[in-house]
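Each remark here refers to the structure printed beneath this line.
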Amino acid sequence: MVTMNLYNTLTRQTEPFEPNEPGRVKMYTCGPTVYHFAHIGNLRTYIMEDVLEKSLRYVGYHVTRVMNITDVGHLSSDADSGEDKMLLGAKREHKSVMEIAEFYKDAFFADCEKLNIKTPDIVEPATNCIPEFIRMIKELVDIGYAYTAGGNVYFDTGKLEDYYVLSNQKEEDLMVGVREDVEEDQNKKNKTDFVLWFTKSKFEDQELKWDSPWGMGYPGWHIECSAICIKHLGDRLDIHCGGIDNVFPHHTNEIAQSEAFLGHKWCNHWFHVLHLNDTSGKMSKSKGDFLTLSLLESKGYSPMVYRMFCLQSHYRKPLEFNYDVLDNTKAAYEKLVKKTSSLQESGELQQEEMQEYREAFSRALAADLNTSQAVTVVYDVLKAELNDASKRKLIGEFDAVLGLDLLRKAEKKEADSELAAFVEKKLAERKEAKKAKDFAKADAIRDELLAKGVAIKDTREGTVWELAK
Ligand code: AMP
Ligand code: ZN
């Protein structure tokens with residue numbers, strides 16, 4: 001099996017990825033907070049995580065991937081201040097929190113489908129797992145890692161030797177960007193302590209609340225991911241993914257509470273995708289004004305063009321969104337599809353010669369997921385001294401990772417040209433029928449075409465046709 005070399009945020013170096021159990025990978029992904037549409041920055045992260053999962057499968061691993069859906073507890077500041085984002089969404093749209101969650105969860109998966117992002121094996125909304133959160137928090141209280149103060153339950157970061165193991169932050173750095181009007185939570189023993197369970201919160205109108213040993217309340221955001229991950233993947237995780245903003249405090253807190261709870265190291269490898277920025281800076285849902293996949297579609301860019309735009313840059317580099325670059329990507333994508341579409345299926349597979357390209361593709365993936373290099377290998381195949389059948393086969397294999405619809409488009413084109421040939425044949429028959437004044441037959445042909453989704457119109461220049469709307 002090809003060894004994947006991946007950058008690990010935990011060790012701050014690129015290293016061979018080795019799961020705990022040979023051949024099997026347990027992978028966890030932080031899911032979306034479903035209070036608004038995903039913006040194309042969020043989708044960059046999910047595209048690159050999808051490529052990671054598919055690369056691991058491509059090189060031969062069996063992967064089990066879990067993702068949560070954050071539908072409670074993520075406050076408008078990633079620390080414990082502000083309002084629950086879900087409640088903000090519900091207020092904005094005059095709907096209930098669950099209606100908002102359902103709507104934006106569906107919208108997220110619709111975007112994923114358009115982008116060929118595979119749905120993880122297990123998707124778990126946080127509101128499904130309240131008993132698991134309570135059990136884990138109770139254990140943390142019992143073993144002395146959590147305390148109650150002012151009604152809330154807090155994780156005591158003072159009990160840890162190395163709270164900053166992941167983010168390598170200095171305490172002073174934490175103060176950067178803290179707004180002066182953010183109230184210090186006087187209940188915390190240490191500035192970095194975080195809420196596991198909110199009861200006495202200042203948000204009296206919090207819509208979703210559950211009974212707990214500490215009173216009616218709701219879970220903090222960080223505990224969701226730890227508990228959902230441990231519930232489905234057990235107490236040793238191979239790889240945990242997210243956007244770079246998740247490193248602190250979210251993933252730092254996940255490590256703190258998971259390792260305190262389990263009593264040993266939890267996750268070996270941390271994979272983070274750098275942000276997509278617009279010209280004014282980081283794209284963010286809370287800013288309200290952000291780019292969505294539908295907006296790109298309405299401007300004539302197919303989701304595949306956006307996927308290719310993401311694949312052409314490395315996941316560990318910030319990516320600036322820019323319409324000029326997107327236009328170039330669109331032109332390149334269309335040209336690429338035209339080439340793959342023209343490949344014929346005939347010919348014996350040239351297995352021996354194909355091997356070189358398979359190796360080059362795996363090498364690109366194994367080099368810390370060098371996706372732009374992997375796309376280059378597709379171009380190399382098109383230029384290679386191989387017959388069409390071999391090229392098609394290789395491109396099909398590579399597209400299982402790249403997800404650019406290269407062959408599906410080609411197949412669709414074939415279907416389209418078949419349809420066009422059929423329509424032309426029928427129009428010729430209809431012309432003959434009309435010449436013979438057999439209007440019943442001419443009308444029957446019109447109906448037959450309509451039943452196949454084709455509308456025809458007689459004009460002075462002749463009969464024209466289009467796909468019926
Ligand atoms: P959220 O729905 O806000 O919980 O975020 C979903 C995912 O998108 C998380 O993994 C974030 O780290 C990631 N993310 C947020 N903003 C960006 C951005 N501008 N570019 C790339 N990923 C992002
Ligand atoms: Zn998470």
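The values are calculated or read from the model by the stated rules, or taken from the named source; none is laboratory data. A quick note: this is a predicted structure, and the numbers were derived from the prediction, not measured. Every residue, glycine among them, receives a Cβ derived from its backbone with ideal geometry; neighbour counts consider all protein chains shown. Side chains are part of the model used for accessible areas, which takes the heavy atoms of the whole protein and leaves out ligands, DNA and RNA. Shrake-Rupley method; radii C 1.70, N 1.55, O 1.52, S 1.80 Å.
Tabulated results
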item: Residue match in the stretch 29-39 (condition: in a strand (DSSP E or B), open to solvent by 60 Å² or more (accessible area, probe 1.4 Å) and either within 16 Å of ligand 1 (Cβ to nearest atom) or modelled with pLDDT of 95 or more (or both)); result: no
item: R307, sole failed condition from (1) under 20 Å from C112 (Cβ atoms); (2) loosely packed, with under 15 Cβ neighbours inside 10 Å; result: (2)
item: Helices (runs of 4 or more DSSP H) wholly inside the stretch 227-340 containing at least 2 residues that are within 16 Å of ligand 2 (Cβ to nearest atom) and aliphatic (A, V, I, L, M); result: 252-262
item: Residue among L87, L52 that alone is out of contact with any Gly (no Cβ under 7 Å at 6 or more places or on another chain) and farther than 22 Å from A227 by Cβ; result: L52
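Every residue, every condition in (1) assigned by TED's automatic domain parsing to the domain that holds I230; (2) within 16 Å of the chain's Cα centre (by Cα); (3) under 13 Å from G242 (Cβ atoms), yes or no:
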| residue | (1), (2), (3) |
| --- | --- |
| E21 | yes, no, no |
| T29 | yes, yes, yes |
| T33 | yes, yes, yes |
| H36 | yes, yes, no |
| N42 | yes, yes, yes |
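One line per residue, one yes/no per condition, for (1) modelled with pLDDT of 95 or more; (2) within 16 Å of ligand 1 (Cβ to nearest atom); (3) closer than 24 Å to M98 by Cα:
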{"position": "L166", "(1), (2), (3)": "no, yes, no"}
{"position": "R179", "(1), (2), (3)": "no, no, no"}
{"position": "E183", "(1), (2), (3)": "no, no, no"}
{"position": "K191", "(1), (2), (3)": "no, no, no"}
{"position": "G220", "(1), (2), (3)": "no, yes, yes"}
{"position": "I230", "(1), (2), (3)": "yes, no, no"}
